[in-house]
Amino acid sequence: MSSSGKPHRHGGSQPAPGPKDSEAEHLVAVAHEVLAETPDIRSEKLKALKRQLDSGTYHPDEGAVAEGVIREYLEKPEKTDR
């Protein structure tokens, strides 16, 4: 209700926001704050990898790479020819 004692109107057929709406808005606001304060770790890792590639010092673990490729392949759903 407004200070005049009349209920607020919220555009046409949309219901007025309830407690769940304000809770969701609060959670979204908190998520935005956390994201704003979280460092972009992936970009730092990519920069480090690029430096290693450029200097010729990047030597990945071939076994771990192969294992990841196999795991990814096995996790994909099977495709059937139609």
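The values are calculated or read from the model by the stated rules, or taken from the named source; none is laboratory data. Keep in mind the model is a prediction, meaning the values are calculated, not measured. Note that we place each Cβ from the backbone using ideal geometry, even for glycine, and neighbour counts take in every protein chain shown.
When the range 34-58 is examined, which residues are found to be under 24 Å from the mean Cα position of the chain (by Cα) and either of a type in the set (G, A, S) or modelled with pLDDT under 85 (or both)?
A36, T38, P39, D40, I41, S43, A48
Going residue by residue through the range 11-32, is there one that turns out to be modelled with pLDDT under 90, assigned to a loop (DSSP other than H, G, I, E, B) and surrounded by 10 or more Cβ atoms within 10 Å (Cβ to Cβ)?
Within the range 11-32 (the criterion being modelled with pLDDT under 90, assigned to a loop (DSSP other than H, G, I, E, B) and surrounded by 10 or more Cβ atoms within 10 Å (Cβ to Cβ)), the answer is yes, since at least one residue qualifies.
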